[in-house]
1. When the stretch 322-348 is examined, which residues are found to be assigned to a loop (DSSP other than H, G, I, E, B) and small (Gly, Ala, Ser)?
2. Taking the stretch 178-201 on its own, how many of its residues are more than 16 Å from the ligand (Cβ to nearest atom) and open to solvent by less than 10 Å² (accessible area, probe 1.4 Å)?
3. Can you tell me which residue is farthest from the ligand (Cβ to nearest atom) among those in the stretch 25-70 that are open to solvent by 50 Å² or more (accessible area, probe 1.4 Å) and in a helix (DSSP H, G or I)?
4. What number goes with the only condition from (1) in the same structural domain as residue 31 (by TED's automatic domain parsing); (2) more than 22 Å from residue 328 (Cβ to Cβ); (3) not β-branched (Val, Ile, Thr) that residue 111 does not pass?
5. Could you check, for the stretch 150-170, whether at least one of its residues is closer than 18 Å to residue 250 by Cβ and without any contact (Cβ under 8 Å) to a residue 24 or more places away in the chain?
6. Restricting the stretch 235-251 to residues that are under 22 Å from residue 124 (Cα atoms) and aliphatic (A, V, I, L, M), which is nearest to the ligand (Cβ to nearest atom)?
7. For the stretch 274-297, which positions are part of a helix (DSSP H, G or I), under 20 Å from residue 242 (Cα atoms) and open to solvent by less than 50 Å² (accessible area, probe 1.4 Å)?
8. Which residues, taken from the stretch 121-150, are among the aliphatic types (A, V, I, L, M), crowded, with 23+ Cβ neighbours inside 10 Å and touching a helix residue (DSSP H, G or I) at 6+ places or on another chain (Cβ under 8 Å)?
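The values are calculated or read from the model by the stated rules, or taken from the named source; none is laboratory data. Model, not experiment: these values are computed from the prediction. Cβ placement follows ideal geometry from the backbone for every residue including glycine, while neighbour counts extend to all protein chains displayed. Only protein heavy atoms, including side chains, enter the accessible area calculation; ligands, DNA and RNA are left aside. Shrake-Rupley method; radii C 1.70, N 1.55, O 1.52, S 1.80 Å.
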Amino acid sequence: MHYQGIIHRYKKYLPVTDATPIVSLCEGRTPLVEAMNIAKLTGVKGLKVFCKIEGLNPSGSFKDRGMTMAVSKAVEEGAKKIICASTGNTSAAAAAYASRVRAMGYEMESFVIIPAGYVALGKLSQAMIYGSKVIQVRGNFDDALNIVKSLSENYPIELVNSLNPYRIEGQKTGAFEIVDELGESPDYLFLPVGNAGNITAYWKGFKEYVPENQKRPHMYGFQAEGASPIVNKRVFDKPETIATAIRIGNPASWEQANRALSESNGHIDSVTDREILDAYKLLHQMDGIACEPSSATGVAGLLKAAKQGLVPENSTVVCILTGNGLKDPSTAIKEVDMDENETYPADAAEIIKVLGLQSLSGVVS
Ligand code: AN7
């Protein structure tokens, strides 16, 4: 049978029954692409670095894994409205899967609450075009999360943030896929940490899929310096970072993340916005691998950890590239030394001059 998404593929590890209407957009099965030049840049001998391209999910981020589960269970339980707070990707995923619910003939409305001015354009446009009601609040993600938590406790509307345990269940399948593909766990898993749902989910996945007497990865999580509550063990009231997806000051899964870190003998640290943007550029320009800026946080973390001697020779690393490169075109354009509004005449002679080409015959035409 053709591929039908993560719930079909990993049913026996997930809380679904024959009565669960499976709402899928064929999420999952994302590739592991080797990043040879990032590996070289670490200076660590024999290091293998693979990037899991979660941006190739249906709405362009890893959130689709959790959303297929959360929305399927919401439909099973008879919900007709879903709501989430989001820095962007969760809202795109919620909007996409709500649309799919309607396509299956059920009633479903979706509402997303996002911080005004701090959601990358690609994500905002997705939530809108999939037909979600988009509410932009003058506050940050943490404010938005508090609002949706209180609404869902008191009104008939299902919360699909990662506080919803089904989200974590779906997202743990990323770990299953890595083990299936590599034949074993990598030595290290590097990933960005915002609300800390994903680090929680991956660790749960490795624990459930890999017997205790076999290798499980060390979880290496990285936050943006201006939004690094877990690293600094304090809430950030005014989180700030270019990596808007992880601009979060009070992560919902804080405790679970700490448990994943200690159980896996892992590591949590922060990287600066400059380090994130450098890693973002390096991935694109040296390895041909795309992701959104926040997703490069794990790779920036790998370069930092390698420098600190925390990555042994001959180990295998997987970096989770959480979101698609097209999510945030404005940051991409700002990072290169080109003027997007500069134009030239549509004339070959002019273009030859611009490119500085020498004619093959040596004769200038
Ligand atoms: C690209 O969409 O929190 O640590 O509301 O979009 O599981 O929160 C997004 C988070 C990493 C952090 N990379 O994951 C949201 C939201 C990207 C993201 C994270 C997010 P978590």
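1. Just the residues of the stretch 322-348 that are assigned to a loop (DSSP other than H, G, I, E, B), to begin with: 322, 324, 328, 336-347.
The one that is assigned to a loop (DSSP other than H, G, I, E, B) and small (Gly, Ala, Ser): 346.
2. Taking the stretch 178-201 as the starting set, the residues that turn out to be more than 16 Å from the ligand (Cβ to nearest atom) are 178-188.
If we keep only those that are open to solvent by less than 10 Å² (accessible area, probe 1.4 Å) too, we end up with 178, 185-186.
Residues meeting the conditions: 3.
3. Ranking the candidates gives 40 first.
4. With respect to (1) in the same structural domain as residue 31 (by TED's automatic domain parsing); (2) more than 22 Å from residue 328 (Cβ to Cβ); (3) not β-branched (Val, Ile, Thr), residue 111 is out only on (1).
5. Scanning the stretch 150-170 turns up at least one residue that is closer than 18 Å to residue 250 by Cβ and without any contact (Cβ under 8 Å) to a residue 24 or more places away in the chain.
6. 245
7. Residues of the stretch 274-297 that are part of a helix (DSSP H, G or I), as a first pass: 274-287, 293-297.
Remaining after also requiring under 20 Å from residue 242 (Cα atoms): 274-285, 293-297.
Those that are part of a helix (DSSP H, G or I), under 20 Å from residue 242 (Cα atoms) and open to solvent by less than 50 Å² (accessible area, probe 1.4 Å): 276, 277, 279, 280, 282, 283, 293, 294, 295, 296, 297.
8. 127
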